[in-house]
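Presented below is the structure to which this report refers.
The values are calculated or read from the model by the stated rules, or taken from the named source; none is laboratory data. Computed from a prediction, not measured in an experiment: that's the story for all the values here. Don't worry about glycine lacking a Cβ; one is built from the backbone with ideal geometry, like all the others, and counts go over all protein chains shown.
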């Protein structure tokens with residue numbers, strides 16, 4: 001587990017942009033945190049790395065937004081409105097795992113069905129309203 005302190009939104013997006021340099025098709029990121037903690041801004045930082053930052057919108061009502069370019073396909077899910085894991089399975093959510101880079105806001109809802117390897121990033125408010133503490137955990141093999 002690693003903790004990163006970001007003093008503002010720009011630093012959070014920069015961290016996400018840097019993380020994107022090592023991400024590839026099939027990677028999964030679970031973003032956890034309160035409403036307004038910066039999960040969508042984190043996604044914007046990742047999309048910036050791929051030149052897709054101008055396309056971002058929160059998928060709160062559509063469940064998933066898809067971003068495509070010649071480098072990678074990014075699938076940005078917001079699972080806040082899903083009732084349970086079965087609802088995710090019923091929309092064919094598991095089919096996305098290998099199709100591209102998957103980023104799940106509120107992804108703790110589906111952790112039981114995620115592939116063996118994923119990164120979980122919990123975003124908490126810092127000492128002031130602009131700062132954030134990012135807690136990064138890497139999950140490898142579930143038994």
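Points to keep in mind about this one:
- If you go through region 2-12 and keep only what is part of a helix (DSSP H, G or I) and touching a strand residue (DSSP E or B) at 6+ places or on another chain (Cβ under 9 Å), you end up with 9, 11, 12.
- Matching entry among 47, 114, 101, 71 (being farther than 18 Å from residue 20 by Cβ and either within 14 Å of the chain's Cα centre (by Cα) or touching a residue at least 12 places away in the same chain (Cβ under 8 Å) (or both)): 114
- Filtered residue count, region 100-143, keeping only those that are surrounded by 13 or more Cβ atoms within 10 Å (Cβ to Cβ) and closer than 26 Å to residue 11 by Cβ: 26
- Residue 32 vs. criteria closer than 26 Å to residue 124 by Cβ, touching a strand residue (DSSP E or B) at 6+ places or on another chain (Cβ under 6 Å) and at pLDDT 95 or above: yes
- Looking only at residues of region 13-30 that are part of a loop (DSSP other than H, G, I, E, B) and in contact (Cβ under 8 Å) with a residue 60 or more places away in the chain, we find that the one that is surrounded by the fewest Cβ atoms within 10 Å (Cβ to Cβ) is 24.
- Complete set of residues in region 79-98 that are within 20 Å of residue 68 (Cβ to Cβ), buried (at least 16 other Cβ atoms within 10 Å of the Cβ) and free of Cβ contacts under 8 Å to residues at least 40 places away in the same chain: 93, 96
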